[in-house]
Amino acid sequence: MDHSGHGMTMDLPPFTLGRGLEWSADPFFLVACLAGLALYGWGVVRLVRRGDKWPVGRTVAYALGVLSIMLMMCTGLNDYGMVMFSVHMVQHMVISMVSPILILLGAPITLALRALPTAGRGRKGPRELLLMFLHSRYMQIITHPAFTIPLFIASLYGLYFTPIFDTLMGSKAGHIAMMVHFLAVGLVFFWPIMGVDPGPHRPGYLMRMLELFAGMPFHAFFGIALMMASEPMVETFKNPPASLGIEALSDQNAAGGIAWAFSEIPSVLVLVALLFQWYASDQRQARRTDRAADRDGDKELEAYNAYLASLNTPGR
């Protein structure tokens, strides 16, 4: 399918899953995704050659996260997403909520910190620059819930219910920028909550759950607003091509239903991941406590044996 129609009406046949999954690559996302997979693979190979272990589950999660972006942006879904609100909403929800969760479960920053070589004394290589970035004031701000939750909400209401959305959809560069924004917002929102990677803002598990559920009701309300609307609310999708055989309002209602449903799915995924992390953390803490108790017990036993030995010493 031809991408030349970005920002103008595209004559597409009625949407079917088969047509949606046809290969139709966006060059920017294709190159970015392949580069992301190659760099991650390089990191894993480097660790394995060094004799270090890297969990297979993390590699699988990361690969699925990147492939989910490719599925949204390098198939016919991207073409239909330019003229169908419902398909666009699937793209938005996957790229902002499913892809970031999977990528974060892959712990790419931890992998980079372990795989990148350390620079010589007094020098700064990629690893040192990454550490500086992680500990920077900028990162403290953009991963704080006072920033991430309003940003997450504004990416829905501030985008779709203002002329910004139509402006961005008017050009290929604008469309790419919007999709990159969705991914970035998802990453900074979910990173402090359930990311495996180190980060400047990492509250306790209960607080993370509260952060997760603070943003989700707004997501659900957004979906309900689209479903309940009595007229098309987004200019870009007001006049779908006749060749699609769809009606703008019913397509918008479908988009609202998709947005509403997606507020539930990632919540469950993240909650399960959080509970597993919480359990694993408690187990590690229990093992540390047991080891410390064993060490203390051994010291007491040694002291007692030394005391008994001293009583048996001639002349005592």
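The values are calculated or read from the model by the stated rules, or taken from the named source; none is laboratory data. The shown structure was predicted, so the numbers you read here are calculated from the model rather than taken from an experiment. Cβ coordinates were reconstructed from backbone atoms using ideal geometry, including for glycine residues, and neighbour counts include every protein chain displayed. All accessible areas refer to the heavy atoms of the entire protein, side chains included, with ligands and DNA or RNA removed. Shrake-Rupley method; radii C 1.70, N 1.55, O 1.52, S 1.80 Å.
Once both labels are positioned 7 Å from their Cα atoms along Cα-to-Cβ, the gap between residue 121 and residue 243 label points is 6.8 nm. Which percent of the accessible heavy-atom area of the chain goes to carbon and sulfur, probe 1.4 angstrom? It is 67 percent, rounded to a whole number. Taking 25 °C and 0.890 mPa s as conditions, region 178-282 diffuses translationally at an estimated 154 µm²/s according to Stokes-Einstein applied to its Kirkwood radius (Cα pairs). Restricting region 110-190 to trypsin sites (Lys or Arg not before Pro) that sit in a DSSP loop and have at most 15 other Cβ atoms within 10 Å of their own Cβ leaves 121, 123, 124.
Computed over Cα pairs, the Kirkwood radius of region 102-193 leads via Stokes-Einstein (1.002 mPa s, 20 °C) to a diffusion coefficient of 138 µm² per second. One Cα centroid belongs to region 155-221, the other to region 41-100; the line between them spans 16 Å. The relative contact order of the chain comes to 21 percent, based on Cα pairs under 8 Å that sit 6 or more residues apart.
Per residue, the solvent-accessible area of region 98-212 (1.4 Å probe, heavy atoms of protein chains only, all protein chains present) comes to 45 Å². Computed from Cα positions, the angle between helix 27-50 and the longest principal axis of the chain comes to roughly 20 degrees.
Taking the Cα centre of the chain as origin and assigning +1 to Lys and Arg Cβ atoms and -1 to Asp and Glu Cβ atoms, the resulting dipole is close to 1780 debye. With the helix formula -39500 (n - 2.57) applied to DSSP H stretches of n ≥ 4, the chain reaches a computed 222 nm mean residue ellipticity of -23000 deg cm²/dmol.
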